[in-house]
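Please treat every number below as a calculation from the coordinates, not as lab data. Note that the structure is predicted; figures quoted are calculated from it, not measured. Here Cβ is always computed from backbone atoms with ideal geometry, including for glycine, and neighbour counts include all displayed protein chains.
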Amino acid sequence: MSGQALPSLVTRDPESHKGHFGSAMLIGGARGMAGAIGLSAIAALRSGAGRSTALIPRGIQSTVASLEPSIMTRGLEETETGTLASEATSAILASSDAMSAGACGPGLGRDAELRELVITLYAELPIPCVFDADALFALSGAELSTAAAPRILTPHAGEWARLRGTTVAPRAQAEADVRQWAAEHREIVVLKGHRTLVTDGRQEFYNHTGNAGMATAGSGDVLTGMITGLLAQGMSPWDAARLGVHLHGAAGDLACERLGEVGMIASDLLHSVTIAFKNYGGER
């Protein structure tokens, strides 16, 4: 652990309204993968964001909207295979003007056209943004230029190896590579796994919450939404990444207490996120 205490939650004035807690934009979704972006968008709200909007292919807009009435959706141009088309890039950049933080990747798909879209968003989105899942696939092998705002990458070991164009390395070697990359690019990397590492290359944090029941489809999408929700409220990228990882694991531990490791699914985490935040707030 870095030795730094985890940050306190944003204080909520009795006279506050949703505009005080930021707007999160979640970019992703594809035909057959509406659930991933839905999990992220809901998790952003459950983590305190005032608003959460899913920017998705038009073909899945009604499906994503039906997952939770509290999230907003915007359907964008799509390819024949049901992923976001490169023509959606300008609309996404324009939408960011009204947003506080973003995420790109959950359920995005791997259409070749997405590579150009994701690389452009990585460089040009003017708000703090999490890049996860299929967005990391799209960035693999790309020469990443200095981004317009802070970026948080959240790979597991396999995604990190693909991003770097290497084979999966032993954990200690992967962590060393993550530290070096984060320092060189001045970005934050969350290397997921048992005792997830969060580092910006100069400081680091090892997480000690969570359990093996969280090794289930969609768990990472919930984490992406949680970090984005914290960013949207004005938390620094370093604090949002550390606290998001900690509370994500805490939510998983609460779900495990109720359900056990074997049968847990990602939506169970959403039901526990609120309690994890409540418990954490009560400790402050």
Starting from the exponent 0.38 and prefactor 2.2 Å, build the expected Rg for region 149-220 from its residue count and divide its actual Cα Rg by it.
-> 1.07
For region 50-119 the translational diffusion coefficient, Stokes-Einstein from a Kirkwood Rh over Cα pairs at 25 °C and viscosity 0.890 mPa s, in µm²/s, is roughly 195 µm²/s
Region 6-23 to region 143-178: how many Å between their Cα centroids?
-> 32 Å
For Glu175, what is the net charge nearby, where nearby means another residue's Cβ is under 11 Å from its Cβ and Lys, Arg count +1, Asp, Glu -1?
-> +1
Dividing the mean separation of Cα pairs under 8 Å (6+ apart) by the residue count of region 200-258 yields a relative contact order in percent of 52 percent
Please say if region 1-63 is rounded, prolate or oblate, where rounded means a/c under 1.5 for a ≥ b ≥ c the square roots of the C-alpha gyration tensor eigenvalues, and otherwise the choice is prolate for a/b larger than b/c and oblate otherwise?
-> oblate
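Given Cα pairs under 8 Å that are at least 6 residues apart, what percent is the relative contact order of the chain?
Numbers: 627 pairs, mean separation 57.1, N = 284.
Relative contact order comes out at 20 percent.
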Between Val130 and residues 5 or more places away or on another chain, which pairs have amide H atoms under 5 Å apart, with H built 1.01 Å from N, and which residues are they?
-> Gly102, Ala103, Cys104, Ile152
If you plug each phi of region 155-171 into the Karplus form 6.51 cos²θ - 1.76 cosθ + 1.60 with θ = phi - 60°, what whole-Hz ³J(HN,Hα) values come out, in order, with x for Gly and Pro?
-> x, 8, 4, x, 5, 5, 4, 5, 4, 8, x, 10, 7, 5, 9, x, 3
Could you give me the ³J(HN,Hα) list for region 87-99, computed from phi with Karplus coefficients 6.51, -1.76, 1.60 and θ = phi - 60°, whole Hz, x at Gly and Pro?
-> 5, 6, 4, 5, 5, 5, 4, 5, 5, 5, 4, 9, 10
Near the amide H of Met72, under 5 Å away, which other amide H atoms are found, from residues 5 or more places off or on another chain, if H is placed in the peptide plane?
-> Ser52, Thr53, Ala54
Project the alpha carbons of region 22-283 onto their principal axes and report the range along each, largest first, in whole Å.
-> 44, 41, 33
Considering only the chain, percent of DSSP beta bridges that pair antiparallel, nearest 5 | 25 percent
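Using unit Cβ charges (K, R positive; D, E negative) and no other charged atoms, how large, in debye to the nearest 20, is the dipole of the chain about its Cα centre? Please list the in-between numbers first.
Numbers: 22 positive and 29 negative charges, 102 e Å.
Approximately 500 debye in magnitude.
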